[in-house]
Structures are given as structure tokens and as C-alpha cells.
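Student: Let me begin by handing over the structure; questions about it come next.
The values are calculated or read from the model by the stated rules, or taken from the named source; none is laboratory data. Given the structure is predicted, the values throughout are model-derived calculations rather than measurements. Neighbour counts run over all protein chains shown; Cβ positions are idealised from the backbone, glycine included. The protein model used for the area step is the full one, side chains on, heavy atoms only, and it has no ligands, DNA or RNA in it. Shrake-Rupley method; radii C 1.70, N 1.55, O 1.52, S 1.80 Å.
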Amino acid sequence: MTEEFKEIFENFQGKESDLIPILQKTQEKFGYISQEATQEISRFLKTSENEIYGVASFYAQFRFSKPGRNVIKICMGTACHVKGGEILCDAVEREIGIKPGQVTPDSKYEFRRVACLGCCALAPVVQINDDVYSQMTVVKLRETLAHYE
Amino acid sequence: MNNFESIQKKAKAKWEALQHNDIPTIFLGAASCGRAAGAMQTLEAIYQTLDEHKVEAKVVQVGCIGPCYLEPLVDIALPGKPRVSFSNVDPKKAKAILEATFLKGELPLQRAVGHFGEKDDSPFGELPHFFKLPMLEPQVRIVLRNCGFINPEDIDHYIARDGYQGILKAFELGSEKIIEEVKKSGLRGRGGAGFPTFKKWQICRNAEGDEKYLICNADEGDPGAFMNRSLIEGDPHAVLEGMLIAAYAIGATHGYIYIRAEYPLAIARLRNGLAQMREYGLIGKNILNSGWDFDINIKEGAGAFVCGEETALIASVEGKRGMPRSRPPFPAISGLFGKPTIINNTETLGTLPNILRNGADWYSQYGTQESHGTKTFSLVGKVRRTGLIEVPLGTTLRRIIFDIGGGTLKPFKAVQTGGPSGGCLSEEFLDLPVDYESLTSAGSIMGSGGLIIMDEDTCVVDLARYFLDFTQKESCGKCTPCRVGTRHMVEILEKITRGEADLEMLTKLQNLAETVKRGSLCGLGQTAPNPVLTTLKYFRDEYVSHVKDKYCPATVCRELLEYRVIPGKCTGCQRCVSVCPTGAITGPRSEPHNLDPSKCIKCRACYEICRFDAIAGDAIVIRSKGRAS
């Protein structure tokens with residue numbers, strides 16, 4: 001086991017209920033759940049890789065490929081929908097040429113639709129990396145995207 | 001004097017000192033919503049300005065006080081004076097306000113929105129009290145009493161405002177009498193269904209076994225709702241104290257907080273809160289010398305809406321896929337790891353300290369015969385004053401939407417309550433008192449408390465499609481009516497919004513909705529058809545218009561509308577030309593432009609940018625195919 005995984009498993013006893021927190025820690029560290037990570041977790045928890053993938057793929061939080069450098073999240077909550085979230089999604093698709101859930105070939109951008117960022121009063125909301133932009137418009141979004149390298 | 005009394009004394013002294021500071025104190029609303037509005041940039045500007053002018057001041061970050069539309073909110077308290085609140089403070093405004101205050105020595109009151117002085121005196125001339133503002137006056141703040149006031153990262157602030165008095169009272173009463181008190185208060189689960197809190201507790205308390213669990217459900221997966229997030233971010237100890245009370249009442253040995261991973265600030269505040277509790281002996285072994293041991297773990301939810309359902313949530317905490325199971329046995333008898341388990345909503349728990357501290361009679365004075373107390377709502381959508389509110393149950397929708405929310409800019413059309421499981425209510429229900437029974441009788445539900453306001457620019461068919469699309473994606477897939485039924489419903493709804501459906505399909509949709517409602521295993525499937533059923537019932541005309549006339553009255557459904565330029569209003573400024581990504585708009589400067597519908601992708605950029613003439617979107621309007629203008 002590599003040092004990195006030792007660190008992840010440090011505070012766990014190897015119980016079934018440790019699986020989700022371990023997956024969360026793994027993703028936090030590497031940005032995604034790689035096949036290698038699944039193998040390590042499988043050995044630690046003594047469960048099959050299939051079982052682990054079965055649980056991980058059930059939850060929206062986990063992903064299985066390398067993330068892009070800039071993560072664009074379009075909020076698809078109700079308030080955002082009512083105020084034009086769908087149109088913003090289209091705008092991102094047009095600007096960077098990929099569909100939600102994809103990463104650009106140069107890994108510059110990753111594009112995701114998320115359920116609700118909890119900033120409904122300031123809808124529509126877009127999050128790029130850790131910055132949250134409220135009351136977004138198509139035009140403002142285009143200008144904002146230009147600031148990310 | 002016992003240990004807690006001395007802690008309390010110290011906390012009160014600290015709070016008093018903050019109220020009567022000899023240096024200016026600046027409070028900044030820095031919950032997630034404030035941050036989304038730019039609070040952290042404002043904070044930066046505040047520090048810079050203080051530095052630049054060498055002013056000594058204390059800066060305190062507080063939670064969200066409610067009116068999110070006014071954010072970022074900055075309050076300034078000069079020595080010996082109450083706080084004065086300024087709204088929409090961007091970095092530039094922050095600098096200007098601070099300079100006016102500190103260079104001239106007085107607050108620029110003409111720019112302020114309210115003050116927090118004693119209610120009757122008016123030390124600030126015409127400036128109203130903050131809680132006299134139209135959005136706040138009709139509210140009764142019990143759960144939210146500390147939000148926006150205290151520093152949520154300082155347990156002393158909470159204790160100074162009578163925090164942890166509830167658990168002291170609980171120790172005094174003992175578990176049977178706590179349950180009795182909660183029964184008298186009439187508290188019902190604030191997570192949605194409104195099941196009496198005491199009943200669930202009683203079953204669990206009487207259940208066999210030494211090991212019992214308490215889970216705080218802070219997963220809040222409803223799109224359009226953020227009450228739990230705001231409460232935890234603004235007053236985490238209220239929820240933590242509520243957990244102590246509930247756990248003590250049912251005899252739980254261990255507690256979990258199941259919270260959305262998407263709420264990092266709330267999680268951080270809970271972790272910080274737990275560490276502070278440990279320091280003061282409020283958690284762990286022998287809490288406050290009562291001889292009772294109890295500890296709390298935080299479990300981050302991994303993004304599955306169905307985990308709001310109790311049995312699914314338990315599966316998730318156990319490390320499995322979050323799939324519901326059939327009941328009985330109910331979790332109160334056999335829940336987490338097969339042990340008796342109570343799952344209470346965040347707001348239910350946040351209410352408990354108030355009930356224990358002030359008594360059941362005090363609490364039950366608010367609300368209606370059947371639904372006691374207050375409820376927080378997130379007021380969002382096409383309403384003027386958006387934010388987080390708390391009102392007594394039984395308050396009418398009209399009062400919430402128009403008196404508190406300030407109404408809509410365009411004519412009001414509908415209100416959606418209860419999130420994806422809720423329904424859409426038309427204008428005729430505006431005088432409906434908001435309580436569990438009235439909402440249910442109208443075909444909707446209370447849910448966790450999301451209120452989405454719609455005006456005539458919102459298409460209810462599109463909204464129904466949106467909710468069904470959401471529930472279909474979030475269906476765990478275990479039972480067929482939910483898995484297949486919701487998918488079919490989405491397909492039909494999509495056809496309707498594209499103008500490809502006939503009247504027969506509306507009947508099919510109705511039948512399908514009823515089948516899914518009756519045949520699904522858990523709450524997700526049983527309530528998923530509500531948005532469809534209520535819109536079919538109260539807005540049938542709009543469906544018929546999509547189906548028969550291929551016309552979307554709200555001009556939302558994109559397949560059914562077209563953008564065009566109104567020649568008389570277009571001045572030829574070329575702003576729309578510059579933003580059009582497909583070159584659909586052409587024309588020389590100063591002459592009305594041309595829009596080629598075959599090139600237009602309806603991205604709306606032109607509609608947004610066309611506003612030089614003061615009236616937004618006047619030069620380019622949306623026109624429906626079915627209607628000549």
C-alpha cells in the first residue's frame with residue numbers, strides 16, 4: 001500500500017460503514033476514484049471492487065475520471081431553473097464545446113450540472129472552482145469564463 | 001457555583017462587552033448566500049479601508065439574517081450605539097460607507113436600511129428598526145432567533161443568549177417528562193410529513209435494546225430549499241443542543257449528523273461547534289455531570305436525493321447504496337445497524353431548545369389548532385424580496401408572498417410548495433393558511449419548506465417537466481412504478497413542451513401519475529407525481545394550449561417560440577449584434593436590425609443585453625409561433 005492510501009485509511013477500522021467516508025477522502029485527495037484506488041479500498045475493506053463501484057456509482061458525488069483544471073458547475077435547482085439555468089447550461093456547452101459531465105480534451109474545463117447549491121435567493125447561480133456567481137446571465141457568463149485559464 | 005454557571009457568566013460578560021464595545025464593531029453576513037453575493041470581497045475591502053485610515057475596529061462574521069436579496073449585509077455599531085445595517089454592500093460601497101463613518105465621525109444613515117436599537121426608541125431619526133422592515137415585521141423568529149446576530153463560530157455567543165438552557169431543563173425533567181412536554185408543544189416533524197415528534201420518540205424510547213441512535217437529517221436535497229443550511233451556518237449550536245435533548249429523551253447512545261457534502265461551510269461550523277462543546281463538557285462522557293454519555297459523528301451525504309427517506313438514509317450511513325426498504329419495521333424499532341433509531345430533521349431539532357427553555361405553552365401559542373409553532377421557508381423564484389423567513393404556521397400564502405415577499409414584478413401566477421414532492425397552487429389558493437392539513441387538502445405538501453413563486457413568465461408545464469426529470473434521475477430504481485413510471489411521465493411532458501402531444505396524452509399522463517402515486521414503495525415515488533397532478537388540475541388550460549395550439553403562454557418552451565426584433569423600438573445600437581453567437585442578427589448601425597430565425601439558436605443573449613433604452617428586452621421580444629402579433 002502506498003503512503004497516500006495509508007493516510008486515507010488511517011482513522012478507519014475497515015467496517016462496511018467506512019466505505020463512503022473513505023471514498024470521499026480518496027476523491028478529496030486525488031480528485032476522482034481511480035481503478036487503482038478501488039483496488040486499494042477493496043483490499044482494505046475486504047469487499048469486492050464491484051461492490052465498491054456499485055455503491056460509489058449510486059451517489060452523484062463520486063466520479064471516475066480525472067477532473068479538469070477549472071470546474072464549472074451550473075446550478076439546476078428549482079429557483080435557478082425558473083430563472084434560466086437551462087439557458088446558461090446551453091451557453092457553457094457552446095462556449096467550451098462539451099456536454100455536462102465531460103472534460104475538455106485539453107483538461108482546461110470540466111462541466112457539471114448540480115442539483116442545488118443552496119443559494120436559491122440569488123438565482124441563477126453558477127460556480128466556477130470555489131467562486132460562486134449569483135444572478136448570472138448568458139452575457140455575464142461568457143465574460144466570466146474568459147477570466148479562467 | 002457549578003462549572004456551567006461559570007461558563008455562562010463568562011459568556012455573558014463577553015457578549016455584553018461586544019454590545020458595548022469601546023471600538024466600532026462591524027458585522028458582516030457571511031453565510032453561503034452572502035458569499036455568493038460577494039461578501040468575502042466586501043470583507044477584504046473593509047479590512048483594507050480600516051487599514052488605510054488606521055481605524056481600530058472589530059469585525060465579526062455572522063450568519064444569514066434572512067433577506068438574502070439585500071446581501072451582502074454589513075452592520076456597523078459605533079461605541080455605545082446599536083447596530084445599523086447597510087444592504088447590497090459591494091467593495092466600493094463598503095469603502096464609501098466606512099470612510100463616511102470614520103472620517104466624518106458619523107454613520108451615513110441615508111444609505112442605511114435599518115437599525116437594531118431598542119424597539120421603541122429611535123436613535124436614528126427616520127431610519128426604521130430592522131425588524132420593522134416589511135419583509136421582517138410579519139415574521140416570528142424562534143428557530144432563527146440567533147441567525148445573523150451571533151458569531152456562529154463562538155459557542156460563548158450562543159450560551160450568552162441562553163444557549164444550553166434547554167438541555168439543563170431536560171436533565172431536570174427526565175426523559176418521560178421531556179416527551180410529555182414535546183407532546184404538549186404540538187411539535188411535528190419539520191422535514192415534511194409532519195408526524196408528531198413525541199410519538200416517534202415514545203416508540204423508540206420504549207423499544208428494547210441498550211443501544212439506540214439519533215440521526216439529524218441535514219441532507220436537504222430539495223432543489224430550491226436552503227433552510228437547514230442557513231440554520232446550521234448561522235446557529236449550529238441550536239441544532240447540536242436539540243440533538244442532545246432528543247438523544248437524552250429517547251435514551252440514545254450515539255448521534256449522527258447526515259449532511260450534504262455540498263455544504264462545506266455548514267460542515268465546518270458543525271465540526272467547530274462539536275470541538276467547542278467538548279471543551280465545555282457538553283458532549284462526550286458525563287455531560288454536565290449528569291452521568292449521561294453521548295457523542296456525535298458527522299456523516300457527509302454523497303449526493304442522493306432519495307436519502308432524505310429514512311430507510312434510505314440509514315442504508316447510506318451503513319455504507320450501502322441509499323435504497324429505501326419497505327416498512328415495518330419502522331426505524332424507531334429497527335433502524336441503523338438494526339438498532340432503534342430516530343431521524344429528526346434539522347429544523348425540528350433546532351426548535352427543541354426553545355421549547356424546553358420557554359415551555360410547551362409558550363411554543364404552542366403560535367400556529368393553528370393542528371399545526372403549532374413556526375416554520376421556516378425559503379422564499380425564492382419570481383418574488384421581489386427573496387430569502388429565508390420564519391412565520392407561525394397558519395399564515396396565509398398571500399401574507400407570505402405579498403406582505404413579506406413584496407409580491408411579484410409581473411402578475412402572480414402560482415406558488416410551488418414542498419419541492420419536487422409538492423404541488424403547484426394557483427391564485428385561488430392565496431388565502432390558504434399554510435399548515436400541514438390545508439396544503440395536503442389542496443394536493444400539495446409542506447415538505448421541508450421551499451416556496452417557489454412564479455409569475456406569468458413561468459411555464460407550469462415546463463416546471464412539471466423539470467420536477468419529474470429531477471425525481472426520475474433521483475429514483476433509486478428499486479421499484480418499477482417509480483423507475484419506469486416517472487420516465488414515461490418525463491417523455492410525455494417533453495413531448496408536450498415540444499408541441500408534439502395530443503389531448504389523449506394528457507389523459508395518459510394523468511393515469512400514469514395516479515398509478516405511480518399509488519404503486520411506489522417510498523415517499524419519493526409516492527409524491528413524485530404531485531407537481532404533474534396539481535398543474536393538470538389547476539392549470540389545465542396551459543397544457544391544452546401547448547397541446548392544441550402549440551403555444552406556450554409564458555414563452556418558456558423553446559421549441560414553441562421565436563425571437564424577433566421590433567423595428568419601431570430598435571435603435572440599431574448593435575449591442576445584440578455583438579453578442580449573438582451565430583450571427584443571426586445583422587444590420588447597420590442606427591438602423592433597425594434584422595433577426596434571421598433560421599440561424600437563431602434562442603440563446604437569449606440578445607434579449608439580455610438589449611437594455612440601453614432603460615426597459616429591458618424591449619427591442620427584441622419573444623413571440624410564439626401560434627400567435628400572430
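Student: So how many residues does segment B:461-499 have that are assigned to a helix (DSSP H, G or I), within 11 Å of chain A (Cβ to nearest Cβ) and among the hydrophobic types (A, V, I, L, M, F, W, C)?
Tutor: Number of matching residues: 3.
Student: Here is a follow-up. Within segment B:221-272, can you find the residues that are more than 14 Å from chain A (Cβ to nearest Cβ) and in contact with a Cys (Cβ under 6 Å, 6 or more places away or on another chain)?
Tutor: Residues satisfying the conditions are B:Asp235, B:Met243, B:Ile250.
Student: Further question: What are the residues in segment B:283-306 that are away from every other protein chain (no Cβ under 11 Å) and within 29 Å of the chain's Cα centre (by Cα), if any? Can you show your working first?
Tutor: Step one: list which residues in segment B:283-306 are away from every other protein chain (no Cβ under 11 Å), which gives B:283-296.
Selection gives B:Ile283, B:Asp295, B:Ile296.
Student: Any idea which of B:Gly447, B:Gly525 is of a type outside the set (Asp, Glu) and at positive phi?
Tutor: Details: B:Gly525 fails: at positive phi.
So the residue among B:Gly447, B:Gly525 that is of a type outside the set (Asp, Glu) and at positive phi is B:Gly447.
Student: How many residues, within segment B:482-522, are more than 20 Å from B:Val460 (Cβ to Cβ), aliphatic (A, V, I, L, M) and free of Cβ contacts under 8 Å to residues at least 40 places away in the same chain?
Tutor: Residues meeting the conditions: 1.
Student: Can you go through B:Val532, B:Val565, B:Val547 and tell me which one is open to solvent by less than 30 Å² (accessible area, probe 1.4 Å), at pLDDT below 85 and not hydroxyl-bearing (Ser, Thr, Tyr)? Steps first, please.
Tutor: Numbers: B:Val532 fails: at pLDDT below 85; B:Val547 fails: at pLDDT below 85.
Going through B:Val532, B:Val565, B:Val547 in turn, just one is open to solvent by less than 30 Å² (accessible area, probe 1.4 Å), at pLDDT below 85 and not hydroxyl-bearing (Ser, Thr, Tyr): B:Val565.
Student: Would you confirm whether any residue within segment A:45-66 is open to solvent by 20 Å² or more (accessible area, probe 1.4 Å), more than 9 Å from chain B (Cβ to nearest Cβ), part of a helix (DSSP H, G or I) and of a type in the set (Phe, Trp, Tyr)?
Tutor: So far as segment A:45-66 goes, yes, one or more of its residues are open to solvent by 20 Å² or more (accessible area, probe 1.4 Å), more than 9 Å from chain B (Cβ to nearest Cβ), part of a helix (DSSP H, G or I) and of a type in the set (Phe, Trp, Tyr).
Student: Just name the residue that is farthest from the chain's Cα centre (by Cα) out of those in segment B:9-39 that are farther than 22 Å from B:Ile232 by Cα, open to solvent by less than 40 Å² (accessible area, probe 1.4 Å) and among the polar types (S, T, N, Q).
Tutor: B:Asn21
Student: Examine segment A:134-142 for a residue that is within 11 Å of another protein chain (Cβ to nearest Cβ), surrounded by fewer than 23 Cβ atoms within 10 Å (Cβ to Cβ) and on the phi > 0 side of the Ramachandran plot, and state whether such a residue exists.
Tutor: Yes, because at least one residue in segment A:134-142 is within 11 Å of another protein chain (Cβ to nearest Cβ), surrounded by fewer than 23 Cβ atoms within 10 Å (Cβ to Cβ) and on the phi > 0 side of the Ramachandran plot.
Student: Also: Looking at segment B:77-96, is at least one residue open to solvent by 20 Å² or more (accessible area, probe 1.4 Å), within 14 Å of chain A (Cβ to nearest Cβ), within 25 Å of B:Glu137 (Cα to Cα) and in a loop (DSSP other than H, G, I, E, B)?
Tutor: Yes, segment B:77-96 has at least one match.
Student: How many residues, within segment A:89-117, are touching a residue at least 40 places away in the same chain (Cβ under 8 Å) and within 14 Å of another protein chain (Cβ to nearest Cβ)?
Tutor: 10
Student: Go through segment B:40-67 and give me each residue that's more than 19 Å from the chain's Cα centre (by Cα) and buried (at least 24 other Cβ atoms within 10 Å of the Cβ).
Tutor: If we filter segment B:40-67 for residues that are more than 19 Å from the chain's Cα centre (by Cα), which is where we start, we get B:40-61.
B:Thr42, the sole residue that qualifies.
Student: Moving on to the next point. In segment B:437-464, what residues are crowded, with 23+ Cβ neighbours inside 10 Å and without any contact (Cβ under 8 Å) to a residue 40 or more places away in the chain?
Tutor: B:Leu439
Student: I'd like to know if segment A:13-21 contains one or more residues that are assigned to a loop (DSSP other than H, G, I, E, B) and facing chain B (nearest Cβ under 9 Å). It would help to see each step written out before you state the result.
Tutor: The first filter runs over segment A:13-21 and keeps only residues assigned to a loop (DSSP other than H, G, I, E, B), leaving A:13-15.
Next, from what is left, pick out any that are facing chain B (nearest Cβ under 9 Å): A:15.
The answer is yes, given that some residue of segment A:13-21 is assigned to a loop (DSSP other than H, G, I, E, B) and facing chain B (nearest Cβ under 9 Å).
Student: Another one. Can you tell me which residue within segment B:1-49, out of those that are assigned to a helix (DSSP H, G or I) and among the charged types (D, E, K, R), is nearest to A:Tyr133 (Cα to Cα)? Talk me through it step by step, then tell me what you get.
Tutor: Taking segment B:1-49 as the starting set, the residues that turn out to be assigned to a helix (DSSP H, G or I) are B:3-19, B:32-36, B:39-49.
Remaining after also requiring among the charged types (D, E, K, R): B:5, B:9-10, B:12, B:14, B:16, B:35, B:44.
On the way: B:Glu5: 45, B:Lys9: 42, B:Lys10: 41, B:Lys12: 38, B:Lys14: 36, B:Glu16: 37, B:Arg35: 9, B:Glu44: 17 Å.
Per the criteria, the residue is B:Arg35.
Student: Before we move on, is B:Phe171 of a type in the set (Phe, Trp, Tyr), away from chain A (no Cβ under 14 Å), open to solvent by 20 Å² or more (accessible area, probe 1.4 Å) and in contact with a Lys or Arg (Cβ under 9 Å, 6 or more places away or on another chain)? Reasoning before the result, please.
Tutor: Numbers: of a type in the set (Phe, Trp, Tyr): yes; away from chain A (no Cβ under 14 Å): yes; open to solvent by 20 Å² or more (accessible area, probe 1.4 Å): yes; in contact with a Lys or Arg (Cβ under 9 Å, 6 or more places away or on another chain): no.
No; evaluated as a whole, the condition is false for this residue.
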